[in-house]
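Reviewing the structure listed below.
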Amino acid sequence: MLAHTPPMGWNSWNTFGENISEELIKETADDWIELGLLDAGYQYLVIDDCWAEKTRDKDGLLVPDHSKFPNGMKAVSDYVHSKGLKFGMYSCVGTMTCAGYPGSFEHEFVDAETFASWGVDYLKYDYCYKPHHIPGHILYKRMGMALKNCQKDILFSACNWGADDVYAWIRSTGAHMYRSTGDIEDKWESIRDIALSQMDKDCYNASHCYNDMDMLVVGMYGKGNVGRGGCNDEEYRTHFSLWCMMNSPLMIGCDIRKMGQETLNILTNKELIALNQDPEGRQAYLIDRGNAAYNNVKVLVKPISDGSFGIGFFNMGDTDGRGSLQFWDIGLPSLTGYGFKMRDLWEHENIGVYKENYTCNLKPHHCKVFRAELVKN
Ligand code: GAL
């Protein structure tokens with residue numbers, strides 16, 4: 001069975017767009033291992049759109065671009081596997097992919113076989129050029145069925161941007177994760193808007209089928225395909241914390257070959273990743289304070305399988321803010337004799353035991369994330 005926890009990996013799109021090649025993939029895989037990203041949990045190396053020739057061969061099969069991948073995809077896949085990583089690729093429900101390469105419409109079963117023969121472990125499946133006469137859920141069911149029956153375990157990563165009420169039907173297609181928003185851009189406003197749009201969707205996110213809030217932009221600093229001005233490290237920390245708390249898959253989007261130390265520190269924060277990878281797979285829920293003074297600071301609470309909680313305070317606004325959590329609001333009445341032992345997951349330190357509530361001040365776009373363990377006073 002696949003996707004016991006939110007998938008973790010890297011995808012070529014955010015930085016490289018159509019500028020992909022066998023060489024890039026090999027160099028990425030090499031540095032991935034050297035940097036310890038596999039040890040941190042990142043496993044799936046995924047080639048996004050623009051990998052194919054513009055036409056199928058005479059037998060109707062997809063053909064890798066000869067100049068980008070001169071040795072074919074099996075060679076790339078073998079190299080990726082030789083590093084202990086898993087290999088992912090991309091196709092689309094429609095007649096063409098979003099960038100105009102052949103889509104899998106009416107070729108679902110043969111394409112699944114092709115991917116399996118190349119050793120593909122993960123398929124991202126997009127929504128462009130969708131035929132109007134067939135509902136989206138049928139198109140995802142087709143590929144879901146084809147993948148489940150191609151004699152190879154292939155993780156199915158749906159990507160229909162939250163369209164057509166995807167929340168209602170995506171689990172029925174066999175998808176292991178599903179994109180719930182439009183494309184992320186490397187700027188604070190994009191991170192903020194995506195996160196805010198999914199805070200009421202915690203009931204649609206669970207083990208084996210996760211709400212994918214799109215690939216990470218941590219460490220892009222405005223460079224590459226979706227670079228739009230970039231963010232600072234504090235904003236990247238908030239971005240990563242939100243994705244961890246909200247149980248999104250964690251797909252790195254920056255250039256791994258050029259990753260600096262601070263980016264690596266963010267992406268390999270083990271205590272944050274542990275929240276994301278908790279086996280119960282619960283997305284954090286939003287505490288609605290209904291109080292304008294606190295509105296910019298979102299308080300998220302993620303129930304963890306061992307009885308503790310991930311608690312995050314996120315200043316989504318552009319002015320200083322104050323975050324506050326009354327423990328009553330997460331189910332702890334005042335007179336129980338219990339409190340929460342709080343551990344700051346960015347400072348990596350225990351800050352003490354709190355009873356009844358916790359309050360903090362936050363600069364714009366900053367966050368604090370804690371692991372809170374129930375203790376008897
Ligand atoms: C978009 C998708 C992006 C990327 C792109 C490729 O539809 O949301 O993540 O895959 O297509 O053309």
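The values are calculated or read from the model by the stated rules, or taken from the named source; none is laboratory data. For clarity, every value in this text was computed on a predicted model and none was experimentally measured. Here Cβ is always computed from backbone atoms with ideal geometry, including for glycine, and neighbour counts include all displayed protein chains. Just so you know, the surface numbers come from the protein's heavy atoms only, side chains and all, with ligands and any DNA or RNA stripped out. Shrake-Rupley method; radii C 1.70, N 1.55, O 1.52, S 1.80 Å.
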Here the range 337-347 yields Karplus 3J(HN,Hα) values (6.51, -1.76, 1.60; θ = phi - 60°; whole Hz; Gly and Pro given as x) of x, 9, x, 10, 7, 9, 10, 7, 8, 9, 7
Links exceeding 28 Å between C-alpha atoms in this model, out of Lys187/Lys341; Lys223/Lys270; Lys74/Lys223; Lys58/Lys83; Lys141/Lys270, come to Lys187/Lys341; Lys74/Lys223; Lys58/Lys83; Lys141/Lys270
1/(1 + (r/R0)^6) with r = Cβ-Cβ of Tyr354 and Asn295, R0 = 22 Å, i.e. FRET efficiency to nearest 0.05, evaluates to 0.45
Amide H proximity to Asn357 below 5 Å, modelled H, separation 5+ or other chain, gives Phe327
Summing -39500 (n - 2.57) over every DSSP H run of at least 4 in the chain, dividing by its residue total and rounding to the nearest 500, the 222 nm mean residue ellipticity is -7000 deg cm²/dmol
Listed by chain and number, the residues whose amide H is under 5 Å from that of Asp278, excluding neighbours fewer than 5 places away on the same chain and using placed H, are none
Computed about the Cα centre, the charge dipole of the range 82-138 from +1 Lys/Arg and -1 Asp/Glu charges at the Cβ has a magnitude in debye, to the nearest 20, of 240 debye
Those cysteines in the chain that have no second cysteine Cβ within a distance under 4.7 Å are Cys50, Cys92, Cys150, Cys159, Cys203, Cys209, Cys231, Cys244, Cys254, Cys360, Cys367
Under the Karplus relation with 6.51, -1.76 and 1.60 and θ = phi - 60°, whole-Hz ³J(HN,Hα) for the range 301-312, x at Gly and Pro, equal 10, 10, x, 10, 4, 8, x, 8, 9, x, 10, x
Rounded to 0.05, the calculated FRET efficiency for the beta carbons of Glu234 and Lys148 at R₀ = 35 Å is 0.25
Counting only residues 5 or more apart in sequence or on a different chain, those whose built amide H sits under 5 Å from that of Met8 are Gln43, Tyr44, Leu250
In cubic angstrom per residue, the convex hull of the chain built on its Cα atoms measures 132 Å³
Computed for the range 27-81: size of charge dipole around the Cα centre, +1 on C-beta of each Lys and Arg, -1 on C-beta of each Asp and Glu, debye to nearest 20, value 360 debye
A correct Karplus calculation of ³J(HN,Hα) over the range 113-120, with 6.51 cos²θ - 1.76 cosθ + 1.60, θ = phi - 60°, whole Hz and x for Gly and Pro, returns 5, 4, 4, 4, 5, 8, x, 5
Comparing Arg171, Arg56, Arg282 in a Gaussian network model of the chain (Cα, 10 Å), the one with the largest mean-square fluctuation is Arg56
Ranking Tyr129, Gly317, Ala40 by how far each Cα lies towards the positive end of the charge dipole of the chain (+1 on Lys and Arg Cβ, -1 on Asp and Glu Cβ), the top one is Gly317
With all protein chains present, the chain has a carbon and sulfur share of its accessible area (1.4 Å probe) in percent of 48 percent
Percent relative contact order for the chain, counting Cα pairs under 8 Å at least six residues apart, stands at 14 percent
Mean 1/r over distinct Cα pairs of the range 146-215, inverted to a Kirkwood Rh in Å, yields 12.9 Å
For the range 302-377, the dipole about the Cα centre with charges only on Cβ (Lys and Arg +1, Asp and Glu -1), to the nearest 20 debye, works out at 140 debye
With the 1.4 Å probe rolled over protein heavy atoms, the chain has an accessible area per residue in Å² of 40 Å²
Under the rule rounded for a/c under 1.5, else prolate if a/b exceeds b/c, else oblate, using alpha carbon gyration tensor axes a ≥ b ≥ c, the range 76-143 is classed as prolate
Restricting to aspartates and glutamates and to Cα separations under 12 Å from Lys363, and discarding same-chain partners fewer than 8 apart, the set is Glu234, Glu235, Asp318, Asp320
Stretched fully, the stretch from Asp165 through Lys54 gains (0.36 nm per residue minus C-alpha distance, one decimal, in nm) 36.8 nm
Highest GNM mean-square fluctuation among Ile194, Ile266, Ile351, for the chain with Cα springs under 10 Å, belongs to Ile351
